[in-house]
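To start, the structure itself, in structure tokens.
The values are calculated or read from the model by the stated rules, or taken from the named source; none is laboratory data. What you see is a predicted model; the values in this text were computed from it and never measured. Heads up, the Cβs are rebuilt from the backbone with ideal geometry, glycines too, and the neighbour counts pull from every protein chain shown. Just the protein is used for accessible areas: all its heavy atoms, side chains included, with ligands, DNA and RNA removed. Shrake-Rupley method; radii C 1.70, N 1.55, O 1.52, S 1.80 Å.
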Amino acid sequence: MIRSPFSGKILITLLCWAACTSQARAQDTTARLLHAAFLFDGTDIHADGWVLVRGKRIVEATHGRRPAGTETTPVWEFPGCTLLPGLIEGHSHLFLHPYNEVSWDDQVTKESRAERTARAVTHAEATLMAGFTTVRDLGTEGCMYDDVGLKRAIQKGVIPGPRMLVATRAIVATGSYGVKSESSDVDLPKGAAEADGVEGITHEVREQVSHGADVIKLYADYRWGPGGQNLPTFTEDELKAAVSAAVFSGRMVAVHSSTKIGMILSIDAGVSTIEHGQGGDDTVFRLMRIKGVALCPTLSAVEAIAGYQGWRKGIDPEPQRVTQARRAFRQALADGVTILMGGDVGVFPHGDNAREMETMVEYGMSPLAVLQSATSVNARVFGIGDSLGNIKPGYLADIIVVSGDPSKDIHAVRQIRLVMKDGVVYRKEINTP
């Protein structure tokens, strides 16, 4: 459970997620009226916010006045707080945990899938309790299609967690990814599905779709060159074939890429999002804006890995990779690229998702723009913007409440007072006399 930010005050924390009752709560048609000092609706911040919820839907959202006809409806008051849409994590790996606990290689080769699934269950709960009601999970890293099972367990109310958009295994070029052995005779787990050629990659996309993938994840470049040099993996034709197969199935393609050539090949192939993008420059980012390709910069993962390697932020000189990520992010902002909020969480602890939002502000994005990225922008790009990412009548009642005004101080997103998903309350903190 997340530690309360209200030290010195008595709090009652109601964590309402038991599987035996979650379905009943989801079916509840009792009207609930939420009132807070501010309302962030996914686009703008308003004073004196009101949101009326019935069942799993938002019925009305107003500011400056109480919704008409609610005079007898009980009100949940949150003075000094802000109502927001449930936050959306754009780049997650629920089947990973921080590399300073166990390296990626050892997680893939030494932890059983049963253990990794057990960990994923706790990661899902921590994510939800932090106010992130939806995640785009971009690869199980060796756990096959277990993300599909985790997603369905959450949907059925077996365990608490965010709704999930899953990529299952992810796709890599043969020899480019995975645990490497000193012996060329030993074949170790790869952590993703290998595919080659137009026919091979088309087949693998369809295979992952058939197993429940909501999004296709490709690695357009990786550290497989001489001396670990980061170089492209798939050819232009292979990337275009993958995108074509995904689009025909109604899926979008997310691409891991941090080299200029990998990014250009991916953009030309028609991908929807580029993850990381530290090698981008003005030419690349202008092309992304023109083509409508969004960037998920994963700044926190870059800083976390540097920290695991000994860097002390604010004390030591900034590592070259961190400087490159900061520079690329600022260039993408200047060039008008659509920026997603996604931290590559799993590299750092689940439940600490807000770290990416804080880093985006630190690197030059306004708090309001970061809030938009984590709600309506992510929802629109991920194809779920007709029901999530905004507080509007008819939308799903994914609502959180935080203390303070995060459009002025982004750190306020950590001060969680309420988490509601599909109209079901999973966390509610009430001050008592």
Of the residues in the range 206-248, those that are in a loop (DSSP other than H, G, I, E, B) and farther than 18 Å from residue 139 by Cβ come to 225, 229, 235
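Among the residues of the range 261-271, is any of a type outside the set (Lys, Arg), outside any helix (DSSP H, G or I) and out of contact with any Leu (no Cβ under 7 Å at 6 or more places or on another chain)?
Just the residues of the range 261-271 that are of a type outside the set (Lys, Arg), to begin with: 261-271.
Adding the requirement that they be outside any helix (DSSP H, G or I) leaves 270-271.
Still in the running and out of contact with any Leu (no Cβ under 7 Å at 6 or more places or on another chain): 270-271.
Checking the range 261-271: at least one residue is of a type outside the set (Lys, Arg), outside any helix (DSSP H, G or I) and out of contact with any Leu (no Cβ under 7 Å at 6 or more places or on another chain).
Look at residue 86 and say whether it is within 29 Å of residue 146 (Cα to Cα) and either among the small types (Gly, Ala, Ser) or surrounded by fewer than 18 Cβ atoms within 10 Å (Cβ to Cβ) (or both).
Details: within 29 Å of residue 146 (Cα to Cα): yes; either among the small types (Gly, Ala, Ser) or surrounded by fewer than 18 Cβ atoms within 10 Å (Cβ to Cβ) (or both): yes.
Criteria met by residue 86.
Looking only at residues in the range 177-227 that are among the small types (Gly, Ala, Ser) and in contact with an Asp or Glu (Cβ under 6 Å, 6 or more places away or on another chain), which one is farthest from residue 238 (Cα to Cα)? Spell out the reasoning first.
First pass over the range 177-227, keeping only residues among the small types (Gly, Ala, Ser): 178, 181, 183-184, 191-193, 195, 197, 200, 210, 212-213, 220, 225, 227.
Subsequent filtering for residues that are in contact with an Asp or Glu (Cβ under 6 Å, 6 or more places away or on another chain) retains 191, 193, 195.
Numbers: 191: 20, 193: 15, 195: 9 Å.
Taking the candidates together, the pick is 191.
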Can you pull out every residue in the range 163-202 that is open to solvent by 20 Å² or more (accessible area, probe 1.4 Å), over 25 Å from residue 88 (Cα atoms), assigned to a loop (DSSP other than H, G, I, E, B) and not hydroxyl-bearing (Ser, Thr, Tyr)?
175, 180, 182, 185, 186, 187, 188, 189, 190, 196
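Hey, among 228, 270, which residue is surrounded by fewer than 21 Cβ atoms within 10 Å (Cβ to Cβ) and more than 23 Å from the chain's Cα centre (by Cα)? Show your work before the answer.
Details: 270 fails: more than 23 Å from the chain's Cα centre (by Cα).
When all the criteria are applied, what remains is 228.
Output the residues belonging to the range 284-327 that are touching a Leu at 6+ places or on another chain (Cβ under 9 Å) and open to solvent by 10 Å² or more (accessible area, probe 1.4 Å). Step through it out loud before you land on a result.
Residues of the range 284-327 that are touching a Leu at 6+ places or on another chain (Cβ under 9 Å), as a first pass: 285, 288, 293-297, 322, 325-326.
326 - this is the single residue of the range 284-327 that is touching a Leu at 6+ places or on another chain (Cβ under 9 Å) and open to solvent by 10 Å² or more (accessible area, probe 1.4 Å).
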Go through the range 35-79 and count every residue that is open to solvent by 80 Å² or more (accessible area, probe 1.4 Å), assigned to a strand (DSSP E or B) and within 24 Å of residue 379 (Cα to Cα).
3
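Got a sec? Which helices (runs of 4 or more DSSP H) wholly within the range 351-412 have at least 2 residues that are open to solvent by 20 Å² or more (accessible area, probe 1.4 Å) and at pLDDT below 95?
On the way: elements: 354-362, 367-372, 378-381.
Qualifying helices (runs of 4 or more DSSP H): none found.
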For the condition out of contact with any His (no Cβ under 9 Å at 6 or more places or on another chain), over 20 Å from residue 274 (Cβ atoms), open to solvent by 10 Å² or more (accessible area, probe 1.4 Å) and in contact (Cβ under 8 Å) with a residue 60 or more places away in the chain, what is the one hit in 417, 427?
417
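Is it the case that some residue within the range 389-402 is within 14 Å of the chain's Cα centre (by Cα) and not β-branched (Val, Ile, Thr)?
yes
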Subset of the range 326-354, residues farther than 30 Å from residue 121 by Cβ, touching a strand residue (DSSP E or B) at 6+ places or on another chain (Cβ under 8 Å) and among the aliphatic types (A, V, I, L, M), comes to 332, 333, 337, 339
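Mind counting the residues in the range 132-156 that are open to solvent by less than 30 Å² (accessible area, probe 1.4 Å), outside any strand (DSSP E or B) and either of a type outside the set (Ser, Thr, Tyr) or at positive phi (or both)? If you could, list the steps in order and put the result at the bottom.
Here is the first cut: in the range 132-156, the residues open to solvent by less than 30 Å² (accessible area, probe 1.4 Å) are 132-141, 143, 147-148, 150, 153-154.
Right, trim to outside any strand (DSSP E or B) and you get 138-141, 143, 147-148, 150, 153-154.
Retained after the next criterion (residues that are either of a type outside the set (Ser, Thr, Tyr) or at positive phi (or both)): 138-139, 141, 143, 147-148, 150, 153-154.
So the count comes out to 9.
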